[in-house]
1. Collect the residues in the stretch 79-117 that are acidic (Asp, Glu), within 20 Å of Ser140 (Cβ to Cβ) and assigned to a helix (DSSP H, G or I), keeping them in residue-number order.
2. Filter the stretch 140-154 down to residues that are assigned to a loop (DSSP other than H, G, I, E, B) and surrounded by 12 or more Cβ atoms within 10 Å (Cβ to Cβ) and give me whichever is modelled with the lowest pLDDT.
3. Take Val169 and tell me if it is surrounded by 15 or more Cβ atoms within 10 Å (Cβ to Cβ), modelled with pLDDT of 75 or more and either within 22 Å of the chain's Cα centre (by Cα) or part of a helix (DSSP H, G or I) (or both).
4. Of the residues Arg112, Arg137, Arg157, Arg131, which is closer than 20 Å to Ala54 by Cα and at pLDDT below 75?
5. Could you list, in sequence order, all residues of the stretch 94-133 that are within 13 Å of the chain's Cα centre (by Cα) and in contact (Cβ under 8 Å) with a residue 60 or more places away in the chain?
6. Condition check: under 14 Å from Ala59 (Cβ atoms), among the polar types (S, T, N, Q) and at pLDDT below 95. Does Ser122 satisfy that?
7. Is it the case that the stretch 122-138 has a residue that's within 21 Å of Ser77 (Cα to Cα), among the charged types (D, E, K, R), in contact with a Leu (Cβ under 8 Å, 6 or more places away or on another chain) and part of a helix (DSSP H, G or I)?
Amino acid sequence: MNIDWTFIATTSSAALTTLLGVVAGSFVSNRTQRGQRSWERQTDACAQVLRESAAILVALARLAKETRAQPAGTTVSAVDWRPWNDALAVVSLVADHEVAHSAHSIDEEIWRTHIALTREASTQDQWFALRDRIEGRRRSFTEVARRRLAVPGPIPRRLHGRPDPRDPVWVQPEPPSPGG
């Protein structure tokens, strides 16, 4: 029997090359998918931080309005902290240090604002100043998150469409209530 070693070597090397290509392709594909899933988890966590911090701002605005109508130190807070704390926990778990640190700086400002609102009587101007400090931290968080997640395009100048505090819309009297 005559064995054609050239045929066996060629066939074997082709099979081995194909197998190595499949293994390498699988490795690269798996690594890419893991990176994509990680990016998606971080993006979702950052969006959750922005969403829940906006909800906290609404609750704090309500609290600020209540404190203006009551004596200092008598306001009881009805803020639901669970969703905000969940958002902080998730971003701390999946995001890098700089993003997590930036989220925690929002939390620090929220704490300071909440304490100020529940311990002191506040005016509308004080609320605007407190709110703007939180908004500044949210804007910084957005800048850090966009840079770390390599989001294309310019960073937004603001995160809301709310008129400036000096806009006349804020000082105009409220319309009369129906039937009143």
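1. Those that are acidic (Asp, Glu), within 20 Å of Ser140 (Cβ to Cβ) and assigned to a helix (DSSP H, G or I): Glu98, Asp107, Glu108, Glu109.
2. Among those that are assigned to a loop (DSSP other than H, G, I, E, B) and surrounded by 12 or more Cβ atoms within 10 Å (Cβ to Cβ), it is Val151.
3. Here the answer is no, as Val169 does not meet what is asked.
4. Exactly one residue qualifies, and that residue is Arg157.
5. Correct list: empty.
6. Against the criterion (under 14 Å from Ala59 (Cβ atoms), among the polar types (S, T, N, Q) and at pLDDT below 95), Ser122 does not qualify.
7. For the stretch 122-138, residues within 21 Å of Ser77 (Cα to Cα), among the charged types (D, E, K, R), in contact with a Leu (Cβ under 8 Å, 6 or more places away or on another chain) and part of a helix (DSSP H, G or I): present.
The values are calculated or read from the model by the stated rules, or taken from the named source; none is laboratory data. Values in this document were obtained by computation on a predicted structure and should not be read as measured data. A quick note on method: Cβ atoms are made from the backbone with ideal geometry, for glycine too, and the neighbour counts reach across all protein chains shown.
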